[in-house]
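Asker: I am attaching a structure below and will ask some questions about it afterwards.
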Amino acid sequence: MAAVLVLAVLGLTPPAAAAARSACTWRMQPLPAPAGTTQHLVEATDHSGGYAGRAYFPATGWRILYWKDGRVIDYGASGQGADRVVGQNRAGTIAGTSLKGLYGEHVVSFRIRSGQREMLPALPGAETTSRAAGIADNGDVYGNALLWRGTGFVPVVVRWPHDRPGVVEQVQGVPDGMALIDVDGDGTLLVGARTTYPWPYLWRDGQVTRLPEAPDTQHGYALVIAGGLVGGSLRLGSDPNRPAYWDRDGVPHVLPQGAQVTQLNRNGLLVTSLTGTPFQVWRYGTSLGQLDGAESVTTVGDDDSVGGSTRGQNSLPAAAVWRCGS
């Protein structure tokens, strides 16, 4: 009883409560692919039935796609490298990167809004390493850059303002050495140090605050933020890593199955993963079943749709969306 009371105070969900189930069958909807593509996948959503991603064409390489209202819009390729989507906001604006080199060490960033592609300038001194990582609802794109600081390269967080084309600036208030992990719709940034297990911090209104940890935390990290909720992983005591999320008050909650929260939305819909097992879906501490056929999960919309990829007939990724049925 004492242990359960401690868990309740900390916001850590007891296993019996976390294992509660709600009937839900996740139905997969394959998304159409333009003729000639060999693989394609969803990477972001506009939260109202639209999905951005990429497709590979043997003749031209990776191109940016947008699935909306039964149509597929092909935004083509930047011509600067292998294109990919890193974020999309509610207005449909897409943030992306083009990678060159064997390990993607040369990067160019771009934004697509109102159908027009805009190449984003590099931070001076970081001409090949200014990398977009997410976008806020107002259209500001955020990312990371590496700057030489005398003895080595140090990550800094940068912003490309939506209302000042051609401008890039370092985000004030984020210490050098911290990197951007994800961007919330209101512009709150999830950041952490470049370590194996980067403890999560939030940047908001020029201030960085550390997310709280539960007693006996060995390590933890975060991957996503949405609507003030943060998802990641915690290891408590001698237990293995478990999926975790921090609520809007900063209280950590741990789920009993899986290893990490891979994606989430502002409604508390969480997708958890564990190597070699199907992706699991939760509403906060209530299990909502699993995503059969999912090879990757890359986004969760605030309409409670889950986007990613399944395995196509050629065994390569194929874009798909999952929704809860009765």
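The values are calculated or read from the model by the stated rules, or taken from the named source; none is laboratory data. Every value quoted in this text rests on a predicted model; they were computed, and no experiment measured them. Heads up, the Cβs are rebuilt from the backbone with ideal geometry, glycines too, and the neighbour counts pull from every protein chain shown. The protein model used for the area step is the full one, side chains on, heavy atoms only, and it has no ligands, DNA or RNA in it. Shrake-Rupley method; radii C 1.70, N 1.55, O 1.52, S 1.80 Å.
Asker: Taking Val297 and the conditions (1) in contact (Cβ under 8 Å) with a residue 40 or more places away in the chain; (2) among the β-branched types (Val, Ile, Thr); (3) within 21 Å of Asp182 (Cβ to Cβ), which numbered condition does it fall short on, given that it satisfies the others?
Answerer: For Val297, the failing item is (1).
Asker: Given the structure, is Ile181 among the β-branched types (Val, Ile, Thr) and farther than 20 Å from Glu105 by Cα?
Answerer: No; evaluated as a whole, the condition is false for this residue.
Asker: Of all residues being at pLDDT 95 or above and more than 23 Å from Asp247 (Cα to Cα) in the stretch 269-306, which is least open to solvent (accessible area, probe 1.4 Å)? Just the residue, please.
Answerer: Per the stated criteria, the residue is Leu291.
Asker: Return the residue satisfying two criteria in turn: it lies in the stretch 183-217 and is outside any loop (DSSP other than H, G, I, E, B) and open to solvent by less than 30 Å² (accessible area, probe 1.4 Å), and of such residues it is farthest from Ala44 (Cα to Cα).
Answerer: Within the stretch 183-217, the first condition is being outside any loop (DSSP other than H, G, I, E, B), and the residues that meet it are 183, 189-193, 201-204, 207-210, 217.
From what is left, the residues that are open to solvent by less than 30 Å² (accessible area, probe 1.4 Å) are 183, 189-192, 202-203, 217.
On the way: Val183: 12, Leu189: 17, Leu190: 17, Val191: 20, Gly192: 22, Leu202: 22, Trp203: 22, Thr217: 32 Å.
That would be Thr217.
Asker: Search the stretch 124-150 for residues that are over 15 Å from Gly87 (Cβ atoms) and assigned to a loop (DSSP other than H, G, I, E, B) and pair each with any residue that is polar (S, T, N, Q) and open to solvent by less than 60 Å² (accessible area, probe 1.4 Å) when their beta-carbon atoms are under 7 Å apart and the residues are at least 6 apart or on different chains.
Answerer: Pairs found: Ser130/Ser109.
Asker: Going by the conditions given, is Val156 among the hydrophobic types (A, V, I, L, M, F, W, C), surrounded by fewer than 19 Cβ atoms within 10 Å (Cβ to Cβ) and in a strand (DSSP E or B)?
Answerer: no
Asker: Something else: For the stretch 111-132, does any single residue satisfy the condition of being under 20 Å from Arg210 (Cα atoms), open to solvent by less than 50 Å² (accessible area, probe 1.4 Å) and hydroxyl-bearing (Ser, Thr, Tyr)?
Answerer: No.
Asker: Could you check how many residues of the stretch 173-182 are open to solvent by 10 Å² or more (accessible area, probe 1.4 Å) and either farther than 16 Å from Leu146 by Cβ or outside any loop (DSSP other than H, G, I, E, B) (or both)?
Answerer: 5
Asker: Scan the stretch 100-110 for residues that are modelled with pLDDT under 95 and open to solvent by 10 Å² or more (accessible area, probe 1.4 Å) and jot them down.
Answerer: Once the filter is applied, which keeps residues that are modelled with pLDDT under 95 and open to solvent by 10 Å² or more (accessible area, probe 1.4 Å), the stretch 100-110 yields Lys100, Gly101, Leu102, Tyr103, Glu105, His106.
Asker: Select, from Tyr201, Tyr197, the only residue that is at pLDDT below 95, of a type in the set (Phe, Trp, Tyr), in contact with a strand residue (DSSP E or B) (Cβ under 9 Å, 6 or more places away or on another chain) and within 22 Å of Gly231 (Cβ to Cβ).
Answerer: Within the list Tyr201, Tyr197, the selection yields Tyr197.
Asker: Given the criteria out of contact with any Asp or Glu (no Cβ under 7 Å at 6 or more places or on another chain) and farther than 30 Å from Arg113 by Cα, does Gln218 qualify?
Answerer: Details: out of contact with any Asp or Glu (no Cβ under 7 Å at 6 or more places or on another chain): yes; farther than 30 Å from Arg113 by Cα: yes.
Considered against the rule, which asks whether it is out of contact with any Asp or Glu (no Cβ under 7 Å at 6 or more places or on another chain) and farther than 30 Å from Arg113 by Cα, Gln218 comes out as yes.
Asker: For Ser114, all conditions in the list (1) touching a Gly at 6+ places or on another chain (Cβ under 8 Å); (2) within 22 Å of Ile64 (Cβ to Cβ); (3) free of Cβ contacts under 8 Å to residues at least 24 places away in the same chain hold save one; what is the number of the exception?
Answerer: Only one criterion is unmet by Ser114, namely (1).
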